[in-house]
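As structure tokens, the structure follows; a few thoughts come after it.
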Amino acid sequence: MFNIGDTVVCSNGVCRIEKIGPLAGMGKSAANRTYYTLRPCFDNAATIYVPVDGDDDALRFALGRDEVEKLMEEIDDLDQINISDEKKRETEYRNAVNSKDPRKLIRIIKTMYFRRKARIESGKKSTAIDERYFRIAENRLHEEIALALGIDRDEVKDYIRKFIEKQ
């Protein structure tokens, strides 16, 4: 169970738990359940409600500094997504993004880094699917790393790049 003030990751990104309790004014079924009230760390206008007794994978604790540093050390060991079939690659990307697993997000970012490079060298552009899932993975991972390291989101790209380019 999470507590008020915890920083968590959900399908919408990195959030802080502001409240735990029933939802007032949302109908009988909502009043009989307990919810986490989440505020996205990078979008103060949004509010997200997640049932406490819902899917166990709906939330996870956000990474801390030590976990981010360990994750960066693992980048070399994380394989790229080498699927040539566009539909199967999109499914793999979607599954990775929905998993909320930072290692899977890094695999997308790492894959796109090298795919872009190869496609540009051969005179091609990135595919729309690659770009779409790259942006999602990058945004979610950058938010989490920025919070863990206490740096600006704009600095995270260069932080990750130095680990990917070591290869």
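Couple of notes before you dig in:
- Among the candidates D55, D66, the residue that is modelled with pLDDT under 90 and of a type outside the set (A, V, I, L, M, F, W, C) is uniquely D55.
- Scanning region 123-147 for residues that are assigned to a helix (DSSP H, G or I) and among the β-branched types (V, I, T), we see that the one that is nearest to the chain's Cα centre (by Cα) is I136.
- Residue that is touching a Ser or Thr at 6+ places or on another chain (Cβ under 7 Å) and of a type outside the set (D, E, K, R), where the choices are L147, L105: L147
- Checked across region 29-43, the condition of being in the same structural domain as L147 (by TED's automatic domain parsing), polar (S, T, N, Q) and out of contact with any Lys or Arg (no Cβ under 7 Å at 6 or more places or on another chain) holds for no residue.
- The set of residues in region 137-167 that are surrounded by 18 or more Cβ atoms within 10 Å (Cβ to Cβ) and either in contact (Cβ under 8 Å) with a residue 40 or more places away in the chain or farther than 25 Å from P40 by Cα (or both) comprises A137, R140, E143, E144, I145, L147, A148, I160.
- Any hit, region 64-85, residues being among the basic types (K, R) and surrounded by 15 or more Cβ atoms within 10 Å (Cβ to Cβ): no
- Region 11-41, residues that are hydrophobic (A, V, I, L, M, F, W, C) and modelled with pLDDT under 90: L23, A24, M26, A30, A31
The values are calculated or read from the model by the stated rules, or taken from the named source; none is laboratory data. Here the structure is a predicted model, which means the values were calculated and not measured. Don't worry about glycine lacking a Cβ; one is built from the backbone with ideal geometry, like all the others, and counts go over all protein chains shown.
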